[in-house]
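Since the structure comes first, as structure tokens, the remarks are kept for the end.
The values are calculated or read from the model by the stated rules, or taken from the named source; none is laboratory data. Since we're looking at a predicted model, the values are computed, not measured. Cβ placement follows ideal geometry from the backbone for every residue including glycine, while neighbour counts extend to all protein chains displayed. Just so you know, the surface numbers come from the protein's heavy atoms only, side chains and all, with ligands and any DNA or RNA stripped out. Shrake-Rupley method; radii C 1.70, N 1.55, O 1.52, S 1.80 Å.
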Amino acid sequence: MTLQPLYMWAGGKTRLLKHYRSVFPSLENYRTYVEPFFGGGAVYGSIVDTFNGVSFINDSNTELVGVLEALKTSPDRLVEESCALIDRVLTYRTKLDRKAAYYQELHAYWDEPTAGKLYGLMKLGFNGIWQTNRKSNGLFATPAGLLNRDSSADLVKAGLVKAWSAVLQNTQLSAGDYRDVVFPTKGALVYLDPPYRGSFTTYSTGFGDDDQREVVEFMKECVSQGATVLLANRHVDDDMFFESLLPDAEFH
């Protein structure tokens, strides 16, 4: 059974999972699962219920990993704080007033950031996009979304939060560069999902072709140490960028 993602994420893989199932190897053959670019976690959520080993999750976004850490250690507090923020915004009747309340809560988050506040803002933000700006000092600053829900219960599913908290107990979390993730490489299954090549979605980080080449080198190094690695990316104008870098890889 697939564990649904906790939040919307631009570039999330939920719609691709049905295609991934035919590509992913049997998890029975692995004791370690690694996602150095976690993002929205759709792939992890789709396999975690059938995986009995230890997982390693990393993302360069420290705020996002902070939400995951709060989910792991204090899910009830996360639900309480995020629901309180959402209900304060949705208590207003008009979208204009709700929008003003959202930005008031956003500015309060910048002054005193917590994982619960952030999770509430992510649920109300625009379309799973992650943006920052100068005023936010690098913190989450995504514009308000449609704000057309009735209450926090429509957005924060306590049962889903607790389910994620349970699976995260057997998961090592880290925030930083994907190359710094420490895990037992031999016999590991590694899923790499960096920002897509040529994508309009940047996640507030630049990621050019040199970065893509470095991901490929990381992939090769993991394979040389005994790991199985899957890399998700996209073609740009049907060129042979990845084929030229990975002549021995299997493409789907």
Seminar exercise, completed: Within segment 142-154, of all residues that are open to solvent by less than 50 Å² (accessible area, probe 1.4 Å) and either touching a helix residue (DSSP H, G or I) at 6+ places or on another chain (Cβ under 7 Å) or among the aromatic types (F, W, Y) (or both), the one nearest to F51 (Cα to Cα) is S152
Exercise. Checking V229 against (1) among the β-branched types (V, I, T); (2) modelled with pLDDT of 90 or more; (3) out of contact with any Lys or Arg (no Cβ under 9 Å at 6 or more places or on another chain), which single condition isn't satisfied?
Worked result: (3)
For this session: Inspect segment 47-59 for any residue being farther than 30 Å from D180 by Cβ and of a type outside the set (V, I, T) and give the result as yes or no.
Result: no
Exercise. Scanning segment 147-166 for residues that are of a type outside the set (G, A, S) and in contact with a Cys (Cβ under 9 Å, 6 or more places away or on another chain), which turns out nearest to G125 (Cα to Cα)?
Worked result: L155
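Going by the conditions given, is G12 open to solvent by less than 20 Å² (accessible area, probe 1.4 Å) and either within 19 Å of N233 (Cα to Cα) or not β-branched (V, I, T) (or both)?
Spelling it out, it is not the case that G12 is open to solvent by less than 20 Å² (accessible area, probe 1.4 Å) and either within 19 Å of N233 (Cα to Cα) or not β-branched (V, I, T) (or both).
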For this session: Please specify each residue of segment 236-245 satisfying the condition of being loosely packed, with under 15 Cβ neighbours inside 10 Å and not polar (S, T, N, Q).
Result: V236, D237, D238, D239, M240, E243
For this session: Return the pairs, sorted by first residue and then second, in which the second residue is among the small types (G, A, S) and surrounded by fewer than 17 Cβ atoms within 10 Å (Cβ to Cβ), the first residue lies in segment 162-175 and is closer than 18 Å to A42 by Cβ and modelled with pLDDT of 95 or more, the beta carbons are less than 9 Å apart, and the residues are 6+ apart or on different chains.
Result: S165/S74
For this session: State yes or no: is G40 open to solvent by 30 Å² or more (accessible area, probe 1.4 Å), outside any helix (DSSP H, G or I) and of a type in the set (G, A, S)?
Result: no
